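Down below is the structure, laid out as structure tokens.
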Amino acid sequence: IKIKTLFLYRKIFNFVILFFIILFFILANLVIDIFRPANKSGFISILNIQKEMTSSQIGNILFEKKLIINKNLFIFISKIMNFSTHLKAGTYKINSSNNMLYILNKLKKGDYLKIQFTIPEGYTLEQITDLLVQKKIISEKRFQKLVNTSLGSKILNLKTKSLEGYLF
């Protein structure tokens, strides 16, 4: 009976050791995925994050654009680091050679794409609209809504009904 018991204990011990070795390799692979870029070629992708998007939706977009290796790991890490509710809306320029943590930090900081343009002195509202539409910065309809309603004034914290006169 003692030999059978020892043999059984040895089998259980070997199974437990094997289990922990496999678990170690799985966890090591997940940690490597956090720091490994999805694609070393370094292609640039423009990513548009809408307000109220969940970390799951963002993870799906990043995965579809081949910017992260594992979308479930992205969701898990964003929740563990308490980033999931702090990812900021905006348009982002993301390099595929960035790792998952870099991308998460970029989304949390709100390091979104900034578009610079110059409005020449003396341009009318119509000319400004044409310039912005031509450069594909904003649609004519949306720009007109921002300028001619109190929405644009609220964004800039002004107490006016329109932005006319403030853009020149």
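Below, the figures for the structure above:
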{"item": "Listed pairs 40/79; 109/136; 65/154 exceeding 29 Å between Cα atoms", "result": "65/154"}
{"item": "Net charge over other residues, Cβ less than 15 angstrom from the Cβ of residue 116 (K, R count +1; D, E count -1)", "result": "+4"}
{"item": "Net charge of Cβ neighbours under 11 Å - reference residue 96; Lys, Arg +1; Asp, Glu -1", "result": "+3"}
{"item": "Sequence of 166, 92, 9 when ordered by accessible area, the most exposed leading, probe 1.4 angstrom", "result": "9, 166, 92"}
{"item": "Separation of the residue 44 and residue 6 label points, Cα + 7 Å toward Cβ, nm", "result": "7.0 nm"}
{"item": "Positive-end residue, the chain charge dipole about Cα centroid, Cβ charges, pick of 137, 166, 94", "result": "94"}
{"item": "Dipole magnitude of the chain, debye to nearest 20 (Cβ charges: Lys/Arg +1, Asp/Glu -1, about Cα centre)", "result": "920 debye"}
{"item": "Spin-label pair residue 15/residue 86, simplified geometry with 7 Å Cα→Cβ offset, distance in nm", "result": "4.4 nm"}
{"item": "Counted charge near residue 3, where neighbours are those whose Cβ lies closer than 14 Å (Asp, Glu -1; Lys, Arg +1)", "result": "+4"}
{"item": "Among 91, 54, 129, residue whose mean-square fluctuation peaks in a GNM of the chain (springs only between Cα atoms under 10 Å)", "result": "129"}
{"item": "Ordering of 21-29, 107-115 by packing [mean C-beta count within 10 Å, highest first]", "result": "107-115, 21-29"}
{"item": "Ratio Rg/Rh [Cα only; Rh per Kirkwood] for the chain", "result": "1.29"}
{"item": "Helical segments meeting 18 Å axial Cα length and Kyte-Doolittle 0.0 threshold in the chain (DSSP H)", "result": "2-35"}
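The values are calculated or read from the model by the stated rules, or taken from the named source; none is laboratory data. Small disclaimer: the values here were computed from a predicted structure and weren't measured. Cβ coordinates were reconstructed from backbone atoms using ideal geometry, including for glycine residues, and neighbour counts include every protein chain displayed. All accessible areas refer to the heavy atoms of the entire protein, side chains included, with ligands and DNA or RNA removed. Shrake-Rupley method; radii C 1.70, N 1.55, O 1.52, S 1.80 Å.
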